[in-house]
1. With the full set of protein chains in place, find how many percent of the accessible area of the chain is carbon and sulfur; take the probe as 1.4 Å.
2. Can you give me the relative contact order of the stretch 1-101 as a percent, contacts being Cα pairs under 8 Å and 6 or more apart?
3. So how far apart, in nm, are the two label points at Arg166 and Thr102 if each is 7 Å from Cα heading toward Cβ?
4. Calculate, for the stretch 34-122, the solvent-accessible area per residue in square angstrom, rolling a 1.4 angstrom probe over the heavy atoms of the protein chains.
5. Mind running the shape call on the stretch 5-58? Use the C-alpha gyration tensor, a ≥ b ≥ c as the square roots of the eigenvalues: rounded below 1.5 for a/c, prolate if a/b tops b/c, oblate otherwise.
6. Among Cys34, Cys69, Cys155, determine the one that fluctuates most according to a GNM of the chain built with springs between C-alpha atoms less than 10 Å apart.
7. Rounded, prolate or oblate: which fits the stretch 99-158 when a ≥ b ≥ c are the square roots of the eigenvalues of the alpha-carbon gyration tensor, with rounded for a/c under 1.5 and prolate only if a/b beats b/c?
8. How big is the chain along each principal axis, measuring the range of its Cα positions in Å and listing the largest first?
Amino acid sequence: MRFRDRVALITGAGSGIGQQTALAFAREGARVACADIDRNAADATVTLITRDKGTAIALAGDVSKAADCEALVRETMRVYERIDVLVNNAGVGFSGTVLTNTEEQWDTMMAVNVKGTYLLSRAALPDMIRRKRGVIVNLGSIAGHVGLKDRAGYCASKSAIHGLTRAMALD
């Protein structure tokens with residue numbers, strides 16, 4: 001119960017790493033806000049948590065949009081009064097090189113992976129700073145350090161997250 005009496009907002013919580021992260025926080029006693037672009041997926045994660053006697057809410061939002069990020073934070077704080085842990089997990093990736101990725105694919109990866117991390121952190125930080133308490137976890141990838149064949153845009157976006165995370169820690 002390491003996170004008893006803590007509140008965690010997790011993006012991309014409807015599947016994969018985000019869902020497993022939400023389940024792990026709930027097992028450790030956290031009240032979890034499960035955010036996903038797909039409300040049904042977020043609801044499914046909440047069902048898994050509550051079936052296991054945990055506490056969670058489902059939220060829908062697109063992390064690439066400032067208004068959605070602000071709404072995710074606002075609703076989490078309305079229900080749980082604060083955010084102790086923000087996990088910026090939501091992400092997308094497309095196979096491709098600089099020559100084969102479309103501009104739309106590139107923009108989507110940058111908007112969700114990088115801008116989403118920035119926007120949600122920006123929305124959550126003021127209350128964390130006011131309370132002098134809070135943790136932000138940004139999920140990157142080994143692809144952001146070493147590069148992967150046929151994943152140029154994804155690698156670039158994950159490298160950007162690593163740089164953003166280091167700068168945020170210093171700030």
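The values are calculated or read from the model by the stated rules, or taken from the named source; none is laboratory data. A quick note: this is a predicted structure, and the numbers were derived from the prediction, not measured. Every residue, glycine as well, gets a Cβ built from its backbone with ideal geometry; the counts of neighbours run over all protein chains shown. Areas reflect the complete protein model, heavy atoms only, side chains present, ligands, DNA and RNA absent. Shrake-Rupley method; radii C 1.70, N 1.55, O 1.52, S 1.80 Å.
1. Details: 4900 of 9030 Å².
Here it works out to 54 percent.
2. Working: 196 pairs, mean separation 30.7, N = 101.
That works out to 30 percent.
3. Here the answer is 3.4 nm between the modelled labels.
4. Values: 4510 Å² over 89 residues.
It amounts to 51 Å² per residue over the stretch 34-122.
5. Numbers: a/c = 1.68, a/b = 1.43, b/c = 1.17.
In terms of gyration-tensor shape, prolate.
6. The residue with the greatest mean-square fluctuation here is Cys155.
7. Details: a/c = 6.41, a/b = 2.14, b/c = 2.99.
In terms of gyration-tensor shape, oblate.
8. 48, 35, 28
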